[in-house]
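Quick notes on the structure that follows.
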Amino acid sequence: MTENDDPNVEWGACRFCGVAVRAGASQCGICGADHPLSAAEAAQAPPKLRRRLRLTGTLRTLIVLTVVLGLAYAIISAVLSGPPSLPGDPLSTAGTYKIGPGNFTTLSGDITGGDYVIGNYTSVAPVGVNIGAAVYNHTAWEEFLAGGTPTPLWSVTPTDHARIIFSPVVTDTYYFVFSNPYPATSHLTIGVYITTTYQSNVANEGFA
């Protein structure tokens, strides 16, 4: 047992900051003020000084409670929010896009290898019509624009709605292509609602 743990050791109080001070100490270990009050002196101190000591103790307690509650809120918020998303990232978005017959719309952005993009899409106007979806890296995208038929890294057979889950191995710029599979002669423009979220794998490393 140390002297600090001994219940028989008498403690006084700093006359300036009010923190508990071991009997016999020549100065406060927190603020450095000289001549701390003994327990007897603190009990018999003038009313004004006793009020100040009580007020100082209350404020110190409130500060500690505020810090504890702040840390608890930060920890709980982090747990409930799940893996961090990257605000402002072009692959964290939501909106409705109009796609003409035989045409396509694209969402693109850099993805770090091992990170992932999740989301979903669904046709909303008309409801129930099919939408094609595929993901290309930068090289395949250039081939696609040139009229080629590159193999996508991820794709979905045309359907009216689907889940998006894509995680590349290599860091690159990736293109999410949503296409209207109906020919120009159909004159069918499709409204599709798309939502995506870029998420880092950092939050999950501890669970691997």
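Every number in this text was worked out from the coordinates using simple rules, so none of it is lab data. On a predicted model such as this, the values are computed, not experimentally measured, just so you know. As a convention, Cβ positions derive from the backbone with ideal geometry for all residues, glycine included, and neighbour counts pool all protein chains shown.
A few comments on the model shown:
- Cβ-Cβ distance of Ala94 and Glu143, R₀ of 30 Å, FRET efficiency by 1/(1 + (r/R0)^6): the value works out to about 0.55.
- Label-point separation in nm, Val170 to Leu59, each point 7 Å along Cα→Cβ: 6.2 nm
- In order along segment 168-185, the phi-based Karplus estimate (6.51 cos²θ - 1.76 cosθ + 1.60, θ = phi - 60°) of 3J(HN,Hα) comes to x, 7, 10, 5, 6, 8, 10, 10, 9, 10, 10, 10, 8, x, 7, x, 4, 5 Hz; Gly and Pro are listed as x.
- Taking amide H as placed 1.01 Å from N in the peptide plane, the amide H of Val21 sits under 5 Å from that of Gly12, Ala13, Cys14, each at least 5 places away or on another chain.
- Segment 93-207 shape via C-alpha gyration tensor axes, a/c threshold 1.5: oblate
- FRET efficiency for Asn201 and Ser155, using Cβ-Cβ distance with R0 set to 22 Å, rounded to 0.05: 0.45
- Net length available on complete extension from Ala125 to Arg163 is 11.8 nm, with 0.36 nm assigned per residue and the Cα-Cα distance removed.
- Residues whose amide H comes within less than 5 Å of that of Val124, counting only those at least five positions distant or on another chain, are Gly191, Val192, Tyr193 (H built at 1.01 Å from N in the peptide plane).
- Net charge of the neighbourhood of Asn180, taken over other residues with C-beta under 15 Å away and scored Lys/Arg +1, Asp/Glu -1, is 0.
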